[in-house]
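Colleague: Questions regarding the structure given below will be posed in turn.
The values are calculated or read from the model by the stated rules, or taken from the named source; none is laboratory data. The structure presented is a predicted model; accordingly, all values stated were derived computationally and were not measured. Quick reminder, even Gly has a Cβ in these numbers, built from the backbone with ideal geometry, and neighbours come from all protein chains shown.
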Amino acid sequence: MRPARVIGAGLSGLVAAWHLADRGFAVEVIEQAPHPGGLIQSQQTEHGLVETGANAFVWDNTVAAWFQRLDLTPEFPQASSKRRYIFRNGRPWRWPLTVAESLGLAARLSAAFVTRATSAGEQETMEAWGRRVIGEGATRWLLEPAMQGVYASPPGVLSARAIFDGRRRGLRKLAAPRGGMGQFTTRLYERLCDRGVRVQFNSAGTVDAGVPTVVSTPAPAAAHLVAPHAPELAAAIARVRLASLATVTMFFEPHPDDIHGFGILFPSGTGINALGVLLNADIFAGRSTRRSETWIVGDRDQGLTAFDDDRLVQMLAADRRRVTGRDATPLSVHLTRRPAAIPVYDAAIGQVAPSLASLPPWLALAGNYLGRLGVAALLEQGAAAANRVRESAL
C-alpha cells in the first residue's frame with residue numbers, strides 16, 4: 001500500500017483520509033490539537049446540547065450520502081425555525097423594512113434584472129453592490145446583518161465577486177445529527193480508526209516532496225506548509241485575513257414572552273454588540289427543555305472577542321436585556337473562543353484559486369479559504385483533495 005498523509009484532523013481532513021483509504025492508500029493523519037474535529041465539537045451539559053462550531057449542514061446529496069455512510073440519523077429543523085428576525089428600532093422584526101423601503105427594493109431589483117445589472121463588479125464590495133442594486137435601506141437592514149451573520153465581517157470589506165462566486169443558489173435546507181455536529185466528526189474518526197487509518201495528535205505535520213499529501217489546516221499553517229513547494233500559492237494564502245468569533249451558549253428558564261424562531265440578527269448601530277443569537281431549542285427538537293440561546297460575537301472593529309470571560313458575558317447580558325426588556329439569570333453559561341477562525345472574504349480570497357495551479361500534483365489543499373464557506377463545502381473539498389493526490393499516484 002502506498003503511503004499518504006493528511007495534515008489536519010478537522011472535517012475536511014477526516015473526509016480526505018476516508019477517500020484516500022477507499023483508494024487503497026495507507027493513510028496517516030497528523031493533528032496539532034489533542035482531538036479530532038477541529039472547531040466542530042458538541043458538548044452534552046446538564047441543561048442541553050452545546051455546539052462549539054457550526055450547528056448544521058446544508059443538506060444536499062453529498063451530505064445525505066455521508067449520513068448514510070456513517071449510519072447517522074439526520075434531524076431537520078422544526079417548523080418554528082422558519083421565523084427569523086432582524087433587530088430594528090428596539091425590537092425584532094421578521095421583515096425590518098418600511099413600506100417605502102420595501103417598494104424601493106422591489107423597484108430597484110426589477111430594474112437591475114431588466115438591465116442585467118445584478119452582477120458584481122471586479123472590485124465591488126458587498127456594501128457598494130447592495131446600495132447599487134437593492135438600495136440603502138435594504139442594504140442597511142437586510143444585507144448587512146446577513147453578511148455579518150455568515151461571514152463575521154461588515155459588507156464594506158467583503159468582495160461581492162468572492163461572495164457570489166462562493167454561494168450556492170436555491171433553497172438551503174439544514175440538517176444535523178441527532179447527537180449534534182460533534183457526533184458526525186466523532187463517528188467519522190472512529191470509523192477511520194476501524195479502517196486502519198493512523199491518527200497522531202499533538203503533532204505538527206510536514207510536507208515531504210513526492211509523498212501524496214492533503215493539507216487541511218487553517219490558512220496561516222497551510223501557507224507555511226506549502227511555501228517550499230508552491231511559493232506563489234503560499235503568498236496568496238498568507239494574504240487572506242482572518243476574523244475571530246466567540247460564541248456563548250446560555251440556558252434560561254422559559255418565559256411566556258420569549259421570542260421563538262431560528263434566531264435574531266443585529267445590524268450595527270442598534271445598540272446590540274452581538275452579531276446574532278441562535279434559538280437552539282426552536283431549531284432542532286430535543287436539544288434542551290430549557291431556553292437555549294447561542295450568542296455570536298465578532299470584533300466589529302472593537303476587539304470584542306478579546307474581552308475576558310466576565311466582561312464578555314456581562315456585555316451579552318446587557319444585549320439580552322435590550323432585546324427582551326427584562327433581566328434573567330442564566331442557569332449555565334458555556335463560552336467558546338474561536339480566534340482567527342473565519343477567512344475574511346475580501347479580494348484576497350479571489351487570488352487563491354488562480355494560484356492553485358502551481359501546486360505539485362501530489363499535494364492538495366482543503367479549507368474554508370478556498371472560495372466557499374460552510375461544513376458541507378468542506379466535505380466536497382476533502383473528497384476533491386483526495387482525488388487529486390490519488391491521480392498523481394496513478
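Colleague: Return a yes/no flag: does the range 94-102 have any residue that is in the same structural domain as Thr270 (by TED's automatic domain parsing), surrounded by fewer than 16 Cβ atoms within 10 Å (Cβ to Cβ), out of contact with any Ser or Thr (no Cβ under 7 Å at 6 or more places or on another chain) and under 24 Å from Ser292 (Cβ atoms).
Modeller: Filtering the range 94-102 for residues in the same structural domain as Thr270 (by TED's automatic domain parsing) gives 94-102.
Checking the rest, the ones that are also surrounded by fewer than 16 Cβ atoms within 10 Å (Cβ to Cβ) come to 94-95, 98-100, 102.
Imposing the further condition that a residue be out of contact with any Ser or Thr (no Cβ under 7 Å at 6 or more places or on another chain) reduces the set to 94-95, 98-100, 102.
If we keep only those that are under 24 Å from Ser292 (Cβ atoms) as well, we get 94.
Within the range 94-102, one or more residues are in the same structural domain as Thr270 (by TED's automatic domain parsing), surrounded by fewer than 16 Cβ atoms within 10 Å (Cβ to Cβ), out of contact with any Ser or Thr (no Cβ under 7 Å at 6 or more places or on another chain) and under 24 Å from Ser292 (Cβ atoms).
Colleague: Going by the conditions given, is Arg320 farther than 20 Å from Val6 by Cα, crowded, with 17+ Cβ neighbours inside 10 Å and of a type in the set (Lys, Arg)?
Modeller: Values: farther than 20 Å from Val6 by Cα: yes; crowded, with 17+ Cβ neighbours inside 10 Å: yes; of a type in the set (Lys, Arg): yes.
Here the answer is yes, as Arg320 does meet what is asked.
Colleague: Follow-up. Name the one entry in Gly286, Gly261 that is in contact with a Lys or Arg (Cβ under 6 Å, 6 or more places away or on another chain) and either assigned by TED's automatic domain parsing to the domain that holds Pro154 or among the hydrophobic types (A, V, I, L, M, F, W, C) (or both). Reasoning before the result, please.
Modeller: Details: Gly286 fails: in contact with a Lys or Arg (Cβ under 6 Å, 6 or more places away or on another chain).
Matching residue, one of Gly286, Gly261: Gly261.
Colleague: Leu316 - would you say it is hydrophobic (A, V, I, L, M, F, W, C), at pLDDT 95 or above and touching a His at 6+ places or on another chain (Cβ under 8 Å)?
Modeller: Numbers: hydrophobic (A, V, I, L, M, F, W, C): yes; at pLDDT 95 or above: yes; touching a His at 6+ places or on another chain (Cβ under 8 Å): no.
Against the criterion (hydrophobic (A, V, I, L, M, F, W, C), at pLDDT 95 or above and touching a His at 6+ places or on another chain (Cβ under 8 Å)), Leu316 does not qualify.
Colleague: Take the residues in the range 225-256 that are in a loop (DSSP other than H, G, I, E, B) and in contact with a helix residue (DSSP H, G or I) (Cβ under 7 Å, 6 or more places away or on another chain), then tell me which one is farthest from Ile342 (Cα to Cα). Steps first, answer last, please.
Modeller: Taking the range 225-256 first, the residues in a loop (DSSP other than H, G, I, E, B) are 227-230, 239-241, 253-256.
Okay, now just the ones that are also in contact with a helix residue (DSSP H, G or I) (Cβ under 7 Å, 6 or more places away or on another chain), so 227, 230, 239-241.
Values: Ala227: 21, Ala230: 23, Arg239: 14, Val240: 10, Arg241: 9 Å.
Filtering the range 225-256 for residues that are in a loop (DSSP other than H, G, I, E, B) and in contact with a helix residue (DSSP H, G or I) (Cβ under 7 Å, 6 or more places away or on another chain), the one farthest from Ile342 (Cα to Cα) comes out as Ala230.
Colleague: Can we say Val389 is within 23 Å of Leu188 (Cα to Cα) and more than 14 Å from the chain's Cα centre (by Cα)?
Modeller: Against the criterion (within 23 Å of Leu188 (Cα to Cα) and more than 14 Å from the chain's Cα centre (by Cα)), Val389 qualifies.
Colleague: Also, I was wondering about something else. Could you grab me the full set of residues in the range 357-392 that are in a helix (DSSP H, G or I) and surrounded by fewer than 17 Cβ atoms within 10 Å (Cβ to Cβ)?
Modeller: Ala357, Ser358, Asn387, Glu391, Ser392
Colleague: In the range 177-219, how many are among the charged types (D, E, K, R) and assigned to a helix (DSSP H, G or I)? Can you show your working first?
Modeller: At the first step, the residues of the range 177-219 found to be among the charged types (D, E, K, R) are 178, 187, 190-191, 194-195, 198, 208.
Among the residues that remain, those that are also assigned to a helix (DSSP H, G or I) are: 187, 190-191, 194.
Matching residues across the range 177-219 total 4.
Colleague: Name the residues in the range 1-47 that are farther than 22 Å from Ala246 by Cα, assigned to a loop (DSSP other than H, G, I, E, B) and aliphatic (A, V, I, L, M), would you?
Modeller: Met1
Colleague: When the range 282-313 is examined, which residues are found to be surrounded by fewer than 13 Cβ atoms within 10 Å (Cβ to Cβ) and either part of a helix (DSSP H, G or I) or not small (Gly, Ala, Ser) (or both)?
Modeller: Thr289, Asp301, Gln302, Asp308, Asp309, Asp310, Arg311
Colleague: Another question, if that's okay. Taking the range 57-90, which residues are out of contact with any Asp or Glu (no Cβ under 6 Å at 6 or more places or on another chain), surrounded by 15 or more Cβ atoms within 10 Å (Cβ to Cβ) and under 29 Å from Gly271 (Cα atoms)?
Modeller: Within the range 57-90, Arg83, Arg84, Tyr85, Ile86, Phe87, Arg88 meet the criteria.
Colleague: While we're here: Looking at Glu31, Glu46, Glu51, which one is touching a residue at least 24 places away in the same chain (Cβ under 8 Å), among the charged types (D, E, K, R) and surrounded by fewer than 19 Cβ atoms within 10 Å (Cβ to Cβ)?
Modeller: On the way: Glu31 fails: surrounded by fewer than 19 Cβ atoms within 10 Å (Cβ to Cβ); Glu51 fails: surrounded by fewer than 19 Cβ atoms within 10 Å (Cβ to Cβ).
After applying the criteria, what remains is Glu46.
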